[in-house]
Amino acid sequence: MAASSMGVEAGPDGRLRCWWCLGAPEYIEYHDGVWGRPMHGDRELFGMLVLESFQSGLSWLTILRKREGFRRAFEDWDIQRIATFGERDVERLLADSRIVRHRGKIEAVIANAVATQALHERGETLDALLWAFAPERDGAAPPASGHEVPASTPESKAMAKELKRRGFRFVGPTTAYALMQAAGMVNDHLEGCELRGLPEIERAGSG
């Protein structure tokens with residue numbers, strides 16, 4: 001199948017996968033091991049939120065190749081420690097070549113850690129807040145091509161609106177939907193992709 005069809009294609013090992021992951025080994029590893037699988041835990045979800053917010057306007061491959069650098073720069077996603085970052089930390093991070101150096105996005109990470117900490121102080125969790133917007137599995141047919149995968153949905157728009165209300169930054173409806181895809185709140189592996197069934201198996205096993 002031609003790449004322009006945005007469907008499934010055979011990877012280097014012969015397995016059928018979503019077209020978008022076949023351009024680089026990092027994409028295949030991410031597609032097979034992370035994308036679409038149910039993700040829980042505030043630290044894990046916060047880390048994914050950071051990566052998705054930094055991706056805005058950039059290639060996801062750029063973020064994947066710096067993923068470990070981001071994790072180290074942001075204290076292994078330690079929300080409590082990130083929430084204490086000040087201007088000196090911002091300047092330090094702006095000089096850190098392991099990450100994408102963008103002041104607004106760096107400051108957003110700190111603000112989002114503060115907002116997450118505020119959730120904790122009210123007895124809430126980021127996990128519960130984000131997963132509250134996961135749509136019900138209604139038995140709809142899986143997307144046949146990338147043309148059928150939306151950039152945002154009513155649920156991602158509602159998530160982005162609520163996050164903004166809670167003090168989060170740099171999480172619009174498109175970023176929110178990318179987070180939902182990555183964290184398995186939706187399953188956008190295409191019809192015919194050999195990885196499509198795994199998120200459903202994992203979801204059933206955790207239920």
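The values are calculated or read from the model by the stated rules, or taken from the named source; none is laboratory data. Values in this document were obtained by computation on a predicted structure and should not be read as measured data. Virtual Cβ from ideal backbone geometry, glycine too; neighbours counted across all protein chains shown.
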Considering each residue of the stretch 21-39, count those that are surrounded by fewer than 17 Cβ atoms within 10 Å (Cβ to Cβ) and of a type in the set (A, V, I, L, M, F, W, C), and give that number.
2
The condition of being touching a strand residue (DSSP E or B) at 6+ places or on another chain (Cβ under 9 Å) and either at pLDDT 95 or above or within 24 Å of residue 59 (Cα to Cα) (or both) holds, among 119, 129, 190, only for 190
Any chance the stretch 2-17 includes a residue that's at pLDDT below 95, outside any loop (DSSP other than H, G, I, E, B) and closer than 14 Å to residue 190 by Cβ?
yes
Cβ-Cβ below 6 Å, separation at least six or inter-chain, first residue in the stretch 7-28 and under 19 Å from residue 143 (Cα atoms) and touching a residue at least 40 places away in the same chain (Cβ under 8 Å), second surrounded by 12 or more Cβ atoms within 10 Å (Cβ to Cβ) and among the hydroxyl-bearing types (Ser, Thr, Tyr): which pairs?
7/145
Could you grab the pairs with beta carbons closer than 8 Å, sequence gap of 6+ or different chains, first residue in the stretch 118-139 and under 17 Å from residue 182 (Cβ atoms), second one crowded, with 18+ Cβ neighbours inside 10 Å and of a type in the set (Asp, Glu)?
126/42; 127/42; 133/155; 134/155; 135/155
Determine if the stretch 156-173 includes at least one residue that is in a loop (DSSP other than H, G, I, E, B), of a type in the set (Gly, Ala, Ser), surrounded by 16 or more Cβ atoms within 10 Å (Cβ to Cβ) and touching a Leu at 6+ places or on another chain (Cβ under 9 Å).
no
